[in-house]
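J.: Following this message is one structure expressed as structure tokens.
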Amino acid sequence: MPDNFGSYILPVMVVGIVLFGLVKKVKVFDCFMSGARKGLHTVYELLPSITGLVVAVTMLKESGAMEIVSALFAPVTSLFGVPDEITPMALLSPISGGGSLTLFESVLKTHGPDSFIGQVASVVMGSTDTTLYAVTVYYSAIGIKNTRHTLMAGLTADFLSLVLSAFFVRLTV
């Protein structure tokens, strides 16, 4: 297989879709325009939620509130053997993937990927999700205002991922 094989995948797929549409006598360009129109409408509907979330995350990080919240959670996380250096990343992870990724990189640069802290951070990054972001975007896209148990279930899963990450990394060390 040639080294640049991957660069041909997307053009081949586009040509394949167009040819399939032509064979099936579908107005491909009209379908494309309809999909693009719906996509722009979805962006228009989601923009206020995403903007609010980005502003909230930025305020949380820049105001120093993240350090205060991390200090409040420190007794709970230390009870479960979670390193204090991971707590800000774990708290930001349900809100912002980009923000938590920045903190993750900082943890790896400071402690190294092979350290206990680096390994726990890696497992946490691989096993948690941007819960608040996902609930905000997906529920607002379909007009659901009452999230019922979704948010609590997602945040509980994120917390369990944090605790179990430290537990299982400790078993392997």
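The values are calculated or read from the model by the stated rules, or taken from the named source; none is laboratory data. The model shown is predicted, which means the values in this text are computed figures rather than measured ones. Methodologically, a virtual Cβ is constructed for each residue, glycine included, from the backbone with ideal geometry; neighbour enumeration extends over all protein chains shown.
J.: Does the range 140-160 include one or more residues that are buried (at least 17 other Cβ atoms within 10 Å of the Cβ), of a type in the set (A, V, I, L, M), out of contact with any strand residue (DSSP E or B) (no Cβ under 7 Å at 6 or more places or on another chain) and at pLDDT below 85?
T.: No, that holds for no residue.
J.: Looking at (1) within 21 Å of residue 171 (Cα to Cα); (2) touching a Gly at 6+ places or on another chain (Cβ under 9 Å); (3) in contact (Cβ under 8 Å) with a residue 24 or more places away in the chain, can you tell me which one residue 86 breaks?
T.: So residue 86 meets the others, but not (2).
J.: Out of curiosity, is residue 81 touching a residue at least 40 places away in the same chain (Cβ under 8 Å) and more than 18 Å from residue 100 (Cα to Cα)?
T.: yes
J.: For the range 126-135, state whether one or more residues are in contact (Cβ under 8 Å) with a residue 60 or more places away in the chain and either assigned to a helix (DSSP H, G or I) or not aromatic (Phe, Trp, Tyr) (or both).
T.: yes
J.: Touching a residue at least 60 places away in the same chain (Cβ under 8 Å) and either over 16 Å from the mean Cα position of the chain (by Cα) or closer than 21 Å to residue 46 by Cβ (or both), is that true of residue 141?
T.: Criteria met by residue 141.
J.: Considering only residues that are surrounded by 13 or more Cβ atoms within 10 Å (Cβ to Cβ) and polar (S, T, N, Q), look in the range 43-77 and name the one that is farthest from residue 137 (Cα to Cα).
T.: Looking at residues that are surrounded by 13 or more Cβ atoms within 10 Å (Cβ to Cβ) and polar (S, T, N, Q), I get 77.
J.: Kindly list the number of the only condition in (1) free of Cβ contacts under 8 Å to residues at least 24 places away in the same chain; (2) in contact with a Lys or Arg (Cβ under 9 Å, 6 or more places away or on another chain); (3) not hydrophobic (A, V, I, L, M, F, W, C) that fails for residue 96.
T.: So the condition that residue 96 fails would be (1).
J.: Test residue 130 against the criterion of being out of contact with any Leu (no Cβ under 6 Å at 6 or more places or on another chain), on the phi < 0 side of the Ramachandran plot and surrounded by 21 or more Cβ atoms within 10 Å (Cβ to Cβ), and give yes or no.
T.: For residue 130, the condition - out of contact with any Leu (no Cβ under 6 Å at 6 or more places or on another chain), on the phi < 0 side of the Ramachandran plot and surrounded by 21 or more Cβ atoms within 10 Å (Cβ to Cβ) - is met.
J.: Assuming residue 109 fulfils every condition listed in (1) farther than 23 Å from residue 58 by Cα; (2) over 19 Å from the mean Cα position of the chain (by Cα) apart from one, which condition is it?
T.: Single failed check for residue 109: (1).
Yes/no matrix, rows are residues, columns are (1) among the hydrophobic types (A, V, I, L, M, F, W, C); (2) under 28 Å from residue 134 (Cβ atoms):
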{"position": "17", "(1), (2)": "yes, no"}
{"position": "20", "(1), (2)": "yes, no"}
{"position": "25", "(1), (2)": "no, no"}
{"position": "39", "(1), (2)": "no, yes"}
{"position": "56", "(1), (2)": "yes, yes"}
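J.: Quick one: which helices (runs of 4 or more DSSP H) sit completely within the range 1-116 and have at least 1 residues that are modelled with pLDDT of 85 or more and more than 30 Å from residue 151 (Cβ to Cβ)?
T.: Correct list: 6-23, 28-62, 97-111.
J.: Go through 47, 101, 91 for me and flag whichever is within 19 Å of the chain's Cα centre (by Cα), over 21 Å from residue 154 (Cβ atoms) and aliphatic (A, V, I, L, M).
T.: Residue meeting the stated conditions: 47.
J.: Step by step: first the residues of the range 8-29, then only those that are surrounded by 10 or more Cβ atoms within 10 Å (Cβ to Cβ) and not aliphatic (A, V, I, L, M), then the one that is farthest from residue 140 (Cα to Cα). Which residue is that?
T.: Among those that are surrounded by 10 or more Cβ atoms within 10 Å (Cβ to Cβ) and not aliphatic (A, V, I, L, M), it is 8.
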